[in-house]
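> Input: one structure, supplied below.
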Amino acid sequence: MAINALPSSSSELRALIRQGKWTGPTVALAPGRVQANLVVLPKEQAFDFLLFCQRNPKPCPLVEVLDPGNPEASQTAPRSDVRTDLPRYRIYRDGRMSAEVEDIREEWRPDLVTFLLGCSFSFEAALQHAGVPLRHVEEGKNVSMYITAIQTTPAGQFSGPMVVSMRPIPRDKVVRAVQVTSRFPSVHGAPVHIGNPQDIGIRDLSRPDFGDAVEVRDGEVPVFWACGVTPQALAVKSRPPLMITHAPGHMFITDLRDEDLAVL
């Protein structure tokens, strides 16, 4: 199904995803609706991860936490099912990615706790409205994501590096991009770094750790935002017995409007 043939309604998009009719990235889908990263953990590890999110709100801004065994995000997407309503999931066992699947019903257990974390896709409509171009959207690609040398603040068993997303921004629009995204702290907010990628441990922008590479052209500056793929780097470093996440770029689409999470 072509992206221009997809509905704009978040509930209709979730239904298509649940039916397996859309399995690609969710970038540019449901403009104006909040998208969320997914982390699912056994109850035994859930408190440590909740504490990690509180200590690291830039990469892991909490949008909703579900009760153990509950698959419905009733506060942000009533009648949804986090087991089926994302295009792709990743399953990590003891620090290794063991599978990438289109639903997680076979993995579901009564003790699993779901965390929905803010996603930078949610401020992209505001950036475009402000005249800031987004190359990955223009080219129909997933956003570029990189593991950095920036260390998160540990909590319990969880520790590891921050992951960032990168967007090339025309030099004369960088200040505007910062202003716009600063209004959305619940979906990562302002950038964590602007300029030289080597300053944060990224050696080669043409080789992202997740997502697709895009060109940084003359007159453009690479701008980096904290990213909700950070828990996947934590899974590798901290090795919980089980962590289920979204596949990078394949998000949970909520019914919330971006403006619901904006600050003045």
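The values are calculated or read from the model by the stated rules, or taken from the named source; none is laboratory data. This structure is a prediction, so every number in the text was calculated from the model and none was measured. Note that each Cβ is placed from the backbone with ideal geometry, even for glycine, and that neighbours are counted across all protein chains shown.
> Tally time: how many residues in region 136-168 are buried (at least 16 other Cβ atoms within 10 Å of the Cβ), part of a strand (DSSP E or B) and not polar (S, T, N, Q)?
Residues flagged as buried (at least 16 other Cβ atoms within 10 Å of the Cβ), part of a strand (DSSP E or B) and not polar (S, T, N, Q) within region 136-168 amount to 13.
> Here's a follow-up. Counting only residues that are under 22 Å from LEU256 (Cα atoms) and hydroxyl-bearing (Ser, Thr, Tyr), which one in region 90-127 is modelled with the highest pLDDT?
From region 90-127, those under 22 Å from LEU256 (Cα atoms) are 113-127; that's our starting set.
With hydroxyl-bearing (Ser, Thr, Tyr) added as a condition, the list becomes 114, 120, 122.
Working: THR114: 98, SER120: 90, SER122: 87.
Among residues in region 90-127 that are under 22 Å from LEU256 (Cα atoms) and hydroxyl-bearing (Ser, Thr, Tyr), the one modelled with the highest pLDDT is THR114.
> How do the pairs read when you match residues in region 68-87 that are within 16 Å of GLU107 (Cα to Cα) with residues anywhere that are among the basic types (Lys, Arg) and surrounded by 14 or more Cβ atoms within 10 Å (Cβ to Cβ), using Cβ under 7 Å and keeping only pairs 6 or more apart or on different chains?
Listed by first residue and then by second, the contacts come to PRO68/LYS43; PRO71/ARG83; ASP81/ARG18; THR84/ARG18; ASP85/ARG14; ASP85/ARG18.
> May I pose another question? From the set of residues in region 13-57 that are among the charged types (D, E, K, R) and at pLDDT below 95, which is surrounded by the most Cβ atoms within 10 Å (Cβ to Cβ)?
The first filter runs over region 13-57 and keeps only residues among the charged types (D, E, K, R), leaving 14, 18, 21, 33, 43-44, 48, 55.
Going one step further and asking which of them are at pLDDT below 95, we end up with 21, 33.
Working: LYS21: 12, ARG33: 24.
The selected residue is ARG33.
> I'd like the residue in region 76-119 that is assigned to a strand (DSSP E or B) and among the β-branched types (Val, Ile, Thr) and, out of all such residues, is farthest from ALA235 (Cα to Cα). If you could, list the steps in order and put the result at the bottom.
Pass one, region 76-119, residues assigned to a strand (DSSP E or B): 89-93, 96-101, 112-118.
Keeping just the survivors that are among the β-branched types (Val, Ile, Thr) gives 91, 101, 113-114.
Values: ILE91: 10, VAL101: 17, VAL113: 15, THR114: 15 Å.
Among residues in region 76-119 that are assigned to a strand (DSSP E or B) and among the β-branched types (Val, Ile, Thr), the one farthest from ALA235 (Cα to Cα) is VAL101.
> Give me the pairs: first residue in region 147-160 and at positive phi, second residue part of a loop (DSSP other than H, G, I, E, B) and buried (at least 22 other Cβ atoms within 10 Å of the Cβ), beta-carbon distance under 9 Å, and six or more apart or on different chains, which are they?
Close Cβ pairs satisfying both conditions: GLY160/THR152.
> Okay, moving on. Return the total of residues in region 186-204 being in a loop (DSSP other than H, G, I, E, B) and crowded, with 17+ Cβ neighbours inside 10 Å. Working first, answer last.
Step one: list which residues in region 186-204 are in a loop (DSSP other than H, G, I, E, B), which gives 188-192, 195-196, 201-204.
Applying the additional criterion that residues be crowded, with 17+ Cβ neighbours inside 10 Å yields 188-192, 202.
The qualifying residues number 6.
> Something else: Please go through region 11-46 and give me each residue that is within 11 Å of PHE115 (Cα to Cα) and of a type in the set (A, V, I, L, M, F, W, C), ordered by number.
Answer for region 11-46, where residues must be within 11 Å of PHE115 (Cα to Cα) and of a type in the set (A, V, I, L, M, F, W, C): ALA36, LEU38, VAL39, VAL40, LEU41, ALA46.
> Looking for whichever is surrounded by fewer than 17 Cβ atoms within 10 Å (Cβ to Cβ), of a type in the set (A, V, I, L, M, F, W, C) and either assigned to a loop (DSSP other than H, G, I, E, B) or out of contact with any Asp or Glu (no Cβ under 9 Å at 6 or more places or on another chain) (or both) here; the options are VAL214, VAL178. Which one fits?
On the way: VAL214 fails: surrounded by fewer than 17 Cβ atoms within 10 Å (Cβ to Cβ).
Of VAL214, VAL178, the one residue that is surrounded by fewer than 17 Cβ atoms within 10 Å (Cβ to Cβ), of a type in the set (A, V, I, L, M, F, W, C) and either assigned to a loop (DSSP other than H, G, I, E, B) or out of contact with any Asp or Glu (no Cβ under 9 Å at 6 or more places or on another chain) (or both) is VAL178.
> Report the residue count in region 202-257 for those that are without any contact (Cβ under 8 Å) to a residue 40 or more places away in the chain and charged (D, E, K, R).
Applying the first criterion (without any contact (Cβ under 8 Å) to a residue 40 or more places away in the chain) to region 202-257 yields 203-204, 206-207, 218.
Now drop any that are not charged (D, E, K, R), which leaves 203-204, 207, 218.
Total meeting the criteria: 4.
> Also, I was wondering about something else. May I ask you to verify whether LEU112 is surrounded by 15 or more Cβ atoms within 10 Å (Cβ to Cβ), within 28 Å of LEU51 (Cα to Cα), touching a residue at least 40 places away in the same chain (Cβ under 8 Å) and in contact with an Asp or Glu (Cβ under 6 Å, 6 or more places away or on another chain)?
Values: surrounded by 15 or more Cβ atoms within 10 Å (Cβ to Cβ): yes; within 28 Å of LEU51 (Cα to Cα): yes; touching a residue at least 40 places away in the same chain (Cβ under 8 Å): yes; in contact with an Asp or Glu (Cβ under 6 Å, 6 or more places away or on another chain): no.
Against the criterion (surrounded by 15 or more Cβ atoms within 10 Å (Cβ to Cβ), within 28 Å of LEU51 (Cα to Cα), touching a residue at least 40 places away in the same chain (Cβ under 8 Å) and in contact with an Asp or Glu (Cβ under 6 Å, 6 or more places away or on another chain)), LEU112 does not qualify.
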